[in-house]
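Down below is the structure, laid out as structure tokens.
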Amino acid sequence: MPKNITIFTSNTCGYCVMVKKYLSSKGATYEEVNIDEHPERQKDAYALSGQLAVPVTVVTKQDDSQQVVVGYNLAQLAPALT
Amino acid sequence: MSENNPVHDVITIGAGPTALSAAIYTTREDLDTVLLEKGVIGGLASITDWVDNYPGFPDGVAGLELGERLQKQAERFGAKIELAEVTGIHPKKGLVEVETTDGIKRAKTVLIATGSDYKRLGITGEDEYYARGVHFCATCDGAFYRDKKLVVVGGGNSAAQEAVFLTRYATHIDMLVRGPKMRASEVLQNEVKKHAGKITVHYNTSTDEIVGQEGKVVSVKSTHNNKSVNFPTDGVFVFIGLKPNTGFLAGSGIELDEIGLIKTDTKLQTNLPGVFCAGDVRSGATMQIASAAGEGATAALLMREYIDHLARTPQVHT
Ligand SMILES: Cc1cc2nc3c(=O)[nH]c(=O)nc-3n(C[C@H](O)[C@H](O)[C@H](O)COP(=O)(O)OP(=O)(O)OC[C@H]3O[C@@H](n4cnc5c(N)ncnc54)[C@H](O)[C@@H]3O)c2cc1C
């Protein structure tokens, strides 16, 4: 399991809900940053992903390396959790 | 019937309003039902900001909430939702085999309820700036455009609805409509008019190119009455219609109409035995959540009838 997971979300984003459901189904815990509630954190999501889109999932592994997954992308999310 | 590859009574492809409604009915009829979903449970309804015309919600309902309620109701009666993409289907030995990213699954009946996806413009800059200034989902990406200028392309229901949604973030929206009027319903056109301070509608205006600088979208090049017009903007949201999700059916032999929607008979059955179709992806559908729910329920009852008939008819397996 990773050391830490942060998800950038918004109030209305259906794909964000799916990422959260997927992580919960795998028993993973995460910190959520909602950019509607914290607009000042938008720039962090953009800096990490290079995209103006949520969800952005930042997985910090045990060795402190980071993997950033943009969107609801199971092909990338599943291996990122191992 | 093997333990690790059981034969389900019903497999639905997709878990949008059509499939979830069907599953409420099939599970209550005690049919073992699995829904396969590659995207968002609740389908397009779940990525729609607000739904005002679904019966039973006099004050309207958030699309995301409606999707979650449908899911809960289907799961309450035993529907199983699996996150996987279907890549092909074919009939085999009186059953239907469904190829998925999670392996092959088998069922007595399959309901294709894959709906549709956003159409693209196919112009310069669209792919290059995808998700970095060009977007197809306002509820997903709109929050990045707080106090920014936007262009919305399209004049139908989705474009009108999403333009109104985006006013909660953007300072101004130029709406580019190709024809001389909007195709959106009267109600939605009136909503757009109510936001006239923020939305300017430009008719007879084509969208020709999305222009960027240093990795960011800066303007949209258009043509209006044979003259070039430039719209400075921070981002572009494209809502020019939908294309049916039927690509995975290539080679299946399922008959499609001229625009790629699936043909069915009056019993919502395709030309393949045991394969039914309902909702937005069906030729002749009215593309609304209420009708999707109605078609889902109808398909469920017709699949029940088909399964009962199978049980009464001796099967010759080839
Ligand atoms: C912006 C917008 C606003 C709208 N607003 C309204 C409104 O206010 N009121 C209203 O009544 N209707 C509205 N609609 C229309 C409504 O959303 C659709 O009519 C309805 O969602 C159709 O339901 P469906 O289940 O047939 O298809 P969908 O909702 O499209 O669901 C199909 C599902 O199948 C999945 N899928 C596709 N291919 C595969 C595959 N190969 N394998 C696995 N899964 C797959 C998709 O990911 C999707 O989740 C709106 C549509 C849009 C785009």
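I need every pair where a residue in the range B:134-155 that is assigned by TED's automatic domain parsing to the domain that holds residue B:169 and of a type in the set (Lys, Arg) has its Cβ under 6 Å from the Cβ of a residue that is part of a strand (DSSP E or B) and open to solvent by 10 Å² or more (accessible area, probe 1.4 Å), sequence separation at least 6 or different chains.
Every condition considered, the pairs that remain are B:149/B:172.
Just the residues that are away from chain B (no Cβ under 11 Å), open to solvent by less than 40 Å² (accessible area, probe 1.4 Å) and not polar (S, T, N, Q), please, taken from the range A:60-78.
Kept after step one, since they are away from chain B (no Cβ under 11 Å), are these residues of the range A:60-78: A:60-69, A:76.
If we keep only those that are open to solvent by less than 40 Å² (accessible area, probe 1.4 Å) too, we end up with A:60, A:69.
A:69 - this is the single residue of the range A:60-78 that is away from chain B (no Cβ under 11 Å), open to solvent by less than 40 Å² (accessible area, probe 1.4 Å) and not polar (S, T, N, Q).
Find the residue count for the range B:2-59, including only residues that are among the small types (Gly, Ala, Ser) and closer than 18 Å to residue B:277 by Cα. Step through it out loud before you land on a result.
Within the range B:2-59, the first condition is being among the small types (Gly, Ala, Ser), and the residues that meet it are B:2, B:14-16, B:19, B:21-23, B:39, B:42-43, B:45-46, B:56.
The next check asks that each one be closer than 18 Å to residue B:277 by Cα; those that pass are B:14-16, B:19, B:21-23, B:42-43.
So the count comes out to 9.
Got a sec? Which of B:230, B:225, B:245, B:204 is under 30 Å from residue B:85 (Cβ atoms) and either outside the structural domain of residue B:14 (by TED's automatic domain parsing) or in contact with a Ser or Thr (Cβ under 9 Å, 6 or more places away or on another chain) (or both)?
Numbers: B:230 fails: under 30 Å from residue B:85 (Cβ atoms); B:225 fails: under 30 Å from residue B:85 (Cβ atoms); B:204 fails: under 30 Å from residue B:85 (Cβ atoms).
After ruling out the rest, the residue left standing is B:245.
State the number of residues belonging to the range B:43-64 that are within 6 Å of the ligand (Cβ to nearest atom), within 14 Å of chain A (Cβ to nearest Cβ) and either of a type outside the set (A, V, I, L, M, F, W, C) or part of a helix (DSSP H, G or I) (or both).
Of the residues in the range B:43-64, 4 are within 6 Å of the ligand (Cβ to nearest atom), within 14 Å of chain A (Cβ to nearest Cβ) and either of a type outside the set (A, V, I, L, M, F, W, C) or part of a helix (DSSP H, G or I) (or both).
Table: residues versus (1) touching a residue at least 12 places away in the same chain (Cβ under 8 Å); (2) out of contact with any helix residue (DSSP H, G or I) (no Cβ under 9 Å at 6 or more places or on another chain); (3) buried (at least 17 other Cβ atoms within 10 Å of the Cβ).
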{"position": "A:17", "(1), (2), (3)": "no, no, yes"}
{"position": "A:24", "(1), (2), (3)": "no, yes, no"}
{"position": "A:29", "(1), (2), (3)": "yes, no, no"}
{"position": "A:54", "(1), (2), (3)": "yes, no, yes"}
{"position": "A:58", "(1), (2), (3)": "yes, no, yes"}
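So which residues in the range B:144-161 are within 13 Å of the ligand (Cβ to nearest atom) and within 14 Å of another protein chain (Cβ to nearest Cβ)?
First pass over the range B:144-161, keeping only residues within 13 Å of the ligand (Cβ to nearest atom): B:152, B:154, B:156-161.
Listed by number, the list holds a single entry, B:161.
How many of the residues making up the range B:221-243 are within 27 Å of the chain's Cα centre (by Cα) and within 16 Å of residue B:122 (Cα to Cα)?
Result for the range B:221-243: 8.
Across the range B:28-42, what is the total count of residues that are within 12 Å of the ligand (Cβ to nearest atom) and assigned to a strand (DSSP E or B)?
From the range B:28-42, those within 12 Å of the ligand (Cβ to nearest atom) are B:34-42; that's our starting set.
Filter once more, keeping what is assigned to a strand (DSSP E or B): B:34-37.
The qualifying residues number 4.
Scanning the range B:277-318 for residues that are more than 11 Å from the ligand (Cβ to nearest atom), not polar (S, T, N, Q) and not in a helix (DSSP H, G or I), which turns out modelled with the lowest pLDDT?
Within the range B:277-318, the match that is modelled with the lowest pLDDT is B:317.
Can you tell me which of B:124, B:109, B:101, B:87 is of a type in the set (S, T, N, Q), more than 11 Å from the ligand (Cβ to nearest atom) and surrounded by fewer than 16 Cβ atoms within 10 Å (Cβ to Cβ)? So that I can check it myself, show each step before the final result.
Values: B:109 fails: surrounded by fewer than 16 Cβ atoms within 10 Å (Cβ to Cβ); B:101 fails: more than 11 Å from the ligand (Cβ to nearest atom); B:87 fails: more than 11 Å from the ligand (Cβ to nearest atom).
On inspection, the qualifying residue turns out to be B:124.
How about the range B:162-185: which of its residues are within 14 Å of the ligand (Cβ to nearest atom) and either of a type in the set (D, E, K, R) or surrounded by fewer than 24 Cβ atoms within 10 Å (Cβ to Cβ) (or both)? Give the derivation first.
Start the filter on the range B:162-185 by keeping residues that are within 14 Å of the ligand (Cβ to nearest atom), which leaves B:162-166, B:183-185.
Listed by number, the residues that qualify are B:162, B:164, B:165, B:183, B:184, B:185.
Please go through the range B:168-219 and give me each residue that is assigned to a loop (DSSP other than H, G, I, E, B), of a type in the set (Lys, Arg) and more than 23 Å from residue B:127 (Cβ to Cβ), ordered by number.
Our first condition is that a residue be assigned to a loop (DSSP other than H, G, I, E, B); within the range B:168-219, this holds for B:168-171, B:177-185, B:195-198, B:203-204, B:214-215.
Next cut, of a type in the set (Lys, Arg) only: B:168, B:178, B:181, B:183, B:198.
Residues satisfying the conditions are B:168, B:181, B:183, B:198.
The values are calculated or read from the model by the stated rules, or taken from the named source; none is laboratory data. Nothing here was measured: the structure is a model prediction, and the numbers come from that model. Ideal geometry is used to build each Cβ from the backbone, glycine not excepted, and the neighbour counts take in all protein chains shown. With ligands, DNA and RNA removed, areas are computed over all heavy atoms of the protein, side chains included. Shrake-Rupley method; radii C 1.70, N 1.55, O 1.52, S 1.80 Å.
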